Amino acid sequence: MIVEIGHYALILSLVIGLAQATLPFLAASRRDPVLLAVAPRLAITCFALVATSFLALTYAYVASDFSVLNVLSNSHTSKPMIYKITGVWANHEGSMLLWVLILTLFGGAVAAFGRNLPPPLLARVIGVMGLIGVGFILFIVLTSNPFERVINPPLDGEGMNPLLQDPGIAIHPPFLYLGYVGFSVAFAFAVAALIEGRVDPAWARWVRPWTLAAWVFLTAGIGLGSWWAYYELGWGGWWFWDPVENASFMPWLAGTALLHSAIVVEKRDALKSWTIFLAILAFSFSLLGTFLVRSGALTSVHAFATDPTRGVFILFLLFITVGGSLCLYAWRAPSLKGGGLFQPISREGALVFNNVLLSIAAAMVLLGTLYPLLLETLNGEKISVGAPFFNSTFVPIMTPVIIAMAFGPLMPWKRADLLGVFNKLKIALAATVVIVLITMWLSGGPAFALFGMGLAAWLFVGSILEWAGRIKLMREPLGVSLRRMRNLPRSAHGTMLAHAGVAIVVAGITGSQAWTNEAVQSLAVGESAHVADHTFTLSDIREYQGPNFVARQATVTITTPGERTLVLTPEKRVYTVEGMPTTEAGIHSSFTGDIYAVIGDQDESGKWITRFYVKPMIPWMWAGGLIMVFGGLMSLSDRRYRIGAPTSSPKAAAKAVPAE
């Protein structure tokens, strides 16, 4: 009965979604106060219905109701309860229902917290969110019904992909979807602004918190995904330039550009058309990622579905959404006249410079991701575009971005003195030279390591200098600086933390790529291998029975001269229902880096295949990512975001006449 209620609620949400996709536009065009008041209620009702549907599917998983095909195909009674719950979205149908749940959640949130928006604009935003929702609810109902019943169900289920039975992957998809779908709000604001023909600083103030929230969630989702790949897949890496990884990275790049471009619209009433385009681009990349994961166009550990019919449906939605919005943009964008003028050497100029490079970087990732698929479609030739291509194109593009990140916050609006700004960065330049020399002394290279560590030092110190200058650190008594720090807007603290986090990520990537040592060998119990200054000894092998798997656990003892002895317990698991093996790496993390051990199968001689790594500085990557997320949350808590956009003056309001 509960399953039927969930299915009924999903169908009813489609009906309400159709009303949400039509009535708000009618209300906005007629300026009808009654219909304008109905629009938010439709969005909240649609969310409530989809939430009911999602909870019903969750109940089916928790209760192990194998009369539901989705539960039968992706669960088992022996699974721990946490993975019964996360199994709801660890499959195509359930993940799409989560996608729509988050979409309607954002729509309901805009309706609930958008009371300071002009009613016609709010109605149009809700209407656009409704149009997107209708498309994806239709997709679920027609091609991906999670409530399909089974006649004469078996007593137990078929289980779930063992790679997904992990805490990291359990929370990775929800964060990723919150980021993906979060950009739909910026997209809806962009389309609503194009319909009205007006973009002003107030519009940018409304868009920024939603964009920032999506950016924070997507940053967290990408970080969680790379962390999971690092400790779960057993290959010692954290990023493979997998097409689905790229699909999450492209909206992040576009969203980062959008976030900074919206600042220029808010502060200087400029870059209006460009900001609208970036809002469309960020969500378009999110839809492209949805298509790649569910179309069967590629094979990946991240992919959910391989049914071409579903892929065609999503491709149609992608074409309608992206094509329609770009046509609207081509028609209405010329009417969006820019306001404030500025010189190339200015804060606006630095933001434009970074925006262009971030967009080029996203285009390069898009090219490398889609080119093999297009080539195979055209002539059947299969090629692989891997790390060499992406590293050789992405790194040169992002290097000037990182350099400019230290300049931009120190530049005034409209016009800046480049030499004067550089003079403020003398300490950052000195720190860069010192770090390069220390790196050379400690390691001798390689050259890219010296460059990467210098780049990280430049950005880290430059970010702190801008923040320190605002509180007059070392130029005023400490009490005065502390008082200024307390009175500083939270967004200023957040910007400093986010930029410093990027610097720490760059340092972590550099150290882990430049100085990783690894060894792959076959060892008998009691034998040892040497990696860097560490001795790895295979001390023991034992087997044990888990809740739904059989595990082979190795005990690896690591000794290092002058340091304490470490013990790691890597495992190789075989899940009894699915019959699939997984790797559980043994990892010891510290400030300086990770020691990493993996146990494999026996070779022909009866020895155990082992893989050992010493990875300097790799924890810095995830620490930097956490700092970026915290910086975003700090900015999001800024009072200026909570109170909404300022009210325009009568004179400004008179000028801001909607284009007809």
What does the highest-first list of 382-389, 625-632 look like by mean Cβ count within 10 Å? 625-632, 382-389
Peptides 277-288, 1-12, 101-112, 319-330 ordered by average Cβ neighbours within 10 Å, highest first: 277-288, 101-112, 1-12, 319-330
Whole Å is fine, so just give me how far the alpha carbon centre of the range 508-543 lies from that of the range 101-135. 53
Length-normalised contact order for the range 408-515 - Cα pairs under 8 Å, 6+ apart - percent: 31
Going residue by residue through the range 415-425, the Karplus relation 6.51 cos²θ - 1.76 cosθ + 1.60 with θ = phi - 60° gives ³J(HN,Hα) values, rounded to whole Hz and with x marking Gly or Pro, of 7, 9, 9, 4, 5, x, 5, 5, 4, 5, 9
Stretchable slack from T559 to L326, in nm (0.36 nm times residue separation minus alpha-carbon distance): 77.8 nm
Can you tell me the Rg and Dmax of the range 166-407, counting just the alpha carbons, in angstroms? 18.4, 54
So who's got an amide H within less than 5 Å of the one on F549, skipping anything under 5 residues away but keeping other chains? H placed 1.01 Å off N, in plane. T576
Can you figure out the FRET efficiency of Y8 with R486, using R₀ = 60 Å and their beta-carbon distance, to the nearest 0.05? 0.65
Excluding residues fewer than 8 positions from K426 in its own chain, the lysines with Cα under 27 Å of it are K414, K472
Based on the Cβ-Cβ distance from R639 to E476, what FRET efficiency comes out when R0 is 22 Å, to the nearest 0.05? 0.35
With the contact rule set at Cα under 8 Å and sequence spacing of 6 or more, what percent relative contact order holds for the chain? 12
Residue order, fewest to most surrounding Cβ atoms within 10 angstrom, among R483, R470, R198, R124: R483, R470, R198, R124
In debye, nearest 20, what is the charge dipole magnitude of the range 166-407 about its Cα centre with +1 on Lys and Arg Cβ and -1 on Asp and Glu Cβ, if you could check? 720
Between V312 and N391, with labels modelled 7 Å along Cα→Cβ, what's the label distance in nm to one decimal, could you check? 4.1
Eligible lysines near K79 by straight Cα distance, threshold 23 Å, same-chain separation 8 or greater: K572
Can you tell me the FRET efficiency between T576 and I82 if r is taken as the Cβ-Cβ distance and R0 is 22 Å, rounded to the nearest 0.05? 0.75
Neighbour-count ranking for T432, T399 (other C-beta within 10 angstrom, fewest to most) reads T399, T432
Expressed as a whole percent, how much of the Cα-Cα distance distribution for the range 207-266 exceeds 19 Å? 38
Dipole-positive endmost among I397, G340, V216 within the range 166-407 (Cβ charges, Cα centre): G340
Applied in sequence order to the range 458-463, the curve 6.51 cos²θ - 1.76 cosθ + 1.60 (Karplus, θ = phi - 60°) yields integer Hz couplings, x standing for Gly and Pro, of 4, 6, 4, 5, x, 5
Which cross-chain or sequence-distant (5 or more) residues have an amide H under 5 Å from the amide H of M580, H modelled 1.01 Å from N in plane? Y575
For the range 517-617, build the convex hull from the C-alpha positions and give me its volume per residue in Å³. 105
To the nearest 20 debye, what charge dipole does the chain have about its Cα centre, counting +1 at the Cβ of each Lys and Arg and -1 at the Cβ of each Asp and Glu? 3480
Exposure proxy order (Cβ contacts within 10 Å, fewest to most) of M250, M129, M485: M485, M250, M129
Under a Cβ-only charge scheme (Lys and Arg +1, Asp and Glu -1), can you give me the dipole magnitude of the range 522-644 about the Cα centre, in debye to the nearest 20? 680
Inter-label distance for F353 and S443, nm, one decimal - labels placed 7 Å from Cα along Cα-to-Cβ: 2.7
Between the range 439-465 and the range 17-65, the alpha-carbon center distance in angstrom: 51
With a/c under 1.5 counting as rounded, go ahead and sort the range 120-167 into rounded, prolate or oblate using the C-alpha gyration tensor (a ≥ b ≥ c being the square roots of the eigenvalues; past the cut-off, prolate if a/b is larger than b/c, else oblate). oblate
From the helices alone, meaning DSSP H stretches of at least four residues, give me the mean residue ellipticity at 222 nm for the chain, per-run term -39500 (n - 2.57), in deg cm²/dmol to the nearest 500. -21000 deg cm²/dmol
Quick note, the range 215-302: a/c under 1.5 would make it rounded; otherwise a/b > b/c is prolate and the rest oblate (a ≥ b ≥ c, C-alpha gyration tensor); here it is oblate
Quick one: 3J(HN,Hα) in Hz for the range 387-398, Karplus 6.51/-1.76/1.60 with θ = phi - 60°, rounded, Gly and Pro as x. 4, x, 5, 5, 5, 6, 9, 6, 4, x, 6, 7
What lysines could a cross-link reach from K615, if we take a straight Cα to Cα line under 17 Å and drop same-chain neighbours fewer than 8 places away? none
Give me the compactness ratio for the range 188-237, meaning the Cα radius of gyration over 2.2 N^0.38 Å. 1.84
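Each reported figure results from applying straightforward, stated rules to the coordinates on display, with no laboratory input. Only a predicted model underlies this, so the values are computations on that prediction, with no experimental measurement involved. Cβ: placed from backbone, ideal geometry, glycine included. Neighbour counts: every protein chain shown.
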